[in-house]
Amino acid sequence: MRLRSKQMSTQKQPSTAFARKLRKNQTEAERRLWHFLRNRQLAGFKFRRQHSVAPYTVDFICLDGQLVVELDGGQHSDQSKYDLARTKHLETLGLRVLRFWDDDALLRTEAVLEEILRELKKA
C-alpha cells in the first residue's frame, strides 16, 4: 500500500506554520542533505522536507519510495524511547525509516546518500 499525503491527514496534523518554521530554521546537517535531495537529484526520487505525518513532522520523506529520513543531533541520545515510538508509528503506516547522526550527514554525505538510494531501490 502506497501512503499518500491525503491518507496521512486522517489524524491530527502538526500545524503548517510549525512545519514552515522548521523549514526556515534547518540545522546545518538538514540544509546540507536537502541540497542533494531536492529537485529529484537523487536518481529522480522526489523528497519533501519537514513534512507532516500525523502526529509527527519528519525531516525528509519520499512518498513514492515510502521512506522517511531522519537526522539526529546530540539531543536524540537522551530521547531514544521517543524516537523508537516514533519509528514504530511510522512503520505501522507502511513507511521505512532511516536515521543518521548529524555528523554523518555533514562529514560523510556521500555515504548517507548511497544508503538512502540503496533503501529506495528496495521498494
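What the phi angles of the range 46-60 give under the Karplus curve with 6.51, -1.76 and 1.60, with θ = phi - 60°, is a coupling list of 8, 10, 10, 10, 6, 9, 6, 10, 3, x, 10, 10, 8, 5, 9 Hz, glycine and proline written as x. Per-peptide packing, taken as the mean over residues of other Cβ atoms within 10 Å, places 48-55, 65-72 in the sequence 65-72, 48-55 from highest down. Taking amide H as placed 1.01 Å from N in the peptide plane, the amide H of ASP72 sits under 5 Å from that of PHE100, TRP101, ASP102, each at least 5 places away or on another chain. Under 12 Å of direct C-alpha separation, and excluding same-chain neighbours fewer than eight residues apart, LYS121 reaches these aspartates and glutamates: ASP64. Seen through its C-alpha gyration tensor, with square-root eigenvalues sorted a ≥ b ≥ c, the range 26-96 comes out oblate because a/c lies at 1.5 or above while a/b is not bigger than b/c. By the count of neighbouring beta-carbon atoms within 10 Å, fewest first, ARG108, ARG118, ARG86 end up ordered ARG118, ARG108, ARG86.
Since every read-out is calculated from the coordinates, none of them should be taken as a lab result. Everything numeric here is computed off the predicted structure, so don't read it as measured data. Note: ideal-geometry Cβ built from the backbone for every residue, glycine included; neighbour counts use all protein chains shown.
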